[in-house]
Amino acid sequence: MKKTRYLQAALIAGLVFLLTGCGEKFPDLTQEQYDQTVEYAAGLLMKYSNNGQERLVVVDVKQVLKERQKEAARAAELELAKERAAKAKQEEEKASVQQTQPQETTEPEGQNLTTDPETGEALSEEAESEEGAAALSDPNAITLASDQSQEILPDISLSYQGYSVSSTYPESSKSYVVNADKGKRLLVLRFDLYNSSESEKAVNMIPLGLSFKIILNGTDIGYSSVTFLPNDLTSYVGKIDSKAHESVVVLTQISEKDATKIESLGMYVTIKGETETVILK
């Protein structure tokens, strides 16, 4: 133990003499030489000063460098992952904003173009109006009214109960509400599903694949809106008691101008891929 201490003292003294030049001024060293000298001195102290323990502390420099490189790589990967997540969030927000904005369509001046439901070709407003008028005069068209119904499922028939125009539907509700866009009004077509059987019937309209194109004043104005209303005819699911009815609706948006003058209404109704013309009275 004493021998070790003497050796430690001799080494430190030698280092001091080396640095001081036996009483001369402190030698001028570059920054690199200074760093190397301090590192060497620290290594000697760590090697020979171990709190009285007869052992050496060995440091694997290559292993330390490897660990530091791994830590740096992990930090870089973490930073890259954060950047990717932030970019993905920005893209999602941008896509969400684009989906909520109304899509503008370019139409020839003076004409309002829509698509023929059979051929997919563009129709002018005039041709569209003629087609709608022809549909309402179709001898094979089905008429729905409060006293005229059509069976759409076994023992379940559908009748038309009139329409209403509003900016919100339902007008008084604490649950789900549909609001018309600015400058628009909701056209609410009201129907009854009637159970003519002697027992309660479970009704599920979803498998029928129902779709409705609305004919307003002889003009095809396009498909009805898709909603999450529990009484939406397109997706109604429920039970109807014997000899009872359930009130359901079909919604679409119309302009404020059209809302002030409704003269006739009809629909193209598609059920299980087959389309029928329906006149609403």
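Descriptive notes on the structure:
- Within the range 215-248, the residues that satisfy the criterion of being assigned to a loop (DSSP other than H, G, I, E, B), in contact (Cβ under 8 Å) with a residue 24 or more places away in the chain and of a type in the set (A, V, I, L, M, F, W, C) are Phe228, Leu229, Ala244.
- Hey, Ala72 part of a helix (DSSP H, G or I), surrounded by fewer than 13 Cβ atoms within 10 Å (Cβ to Cβ) and modelled with pLDDT of 70 or more or not: yes
- Boolean, Ser159 is out of contact with any Phe, Trp or Tyr (no Cβ under 6 Å at 6 or more places or on another chain) and at pLDDT 95 or above: yes
- Applying the condition of being closer than 12 Å to Ala202 by Cβ and under 32 Å from the mean Cα position of the chain (by Cα) to the range 222-250 and asking which residue is surrounded by the most Cβ atoms within 10 Å (Cβ to Cβ) yields Tyr236.
- Every residue from the range 165-196 that is surrounded by fewer than 17 Cβ atoms within 10 Å (Cβ to Cβ), without any contact (Cβ under 8 Å) to a residue 60 or more places away in the chain and among the aliphatic types (A, V, I, L, M): Val177
- The strands (runs of 3 or more DSSP E) falling completely within the range 137-186 that include 1 or more residues that are of a type in the set (Gly, Ala, Ser) and in contact with an Asp or Glu (Cβ under 9 Å, 6 or more places away or on another chain) map to 149-153, 156-166.
The values are calculated or read from the model by the stated rules, or taken from the named source; none is laboratory data. Please read all numbers here as calculations on a predicted model, not as lab measurements. Note that we place each Cβ from the backbone using ideal geometry, even for glycine, and neighbour counts take in every protein chain shown.
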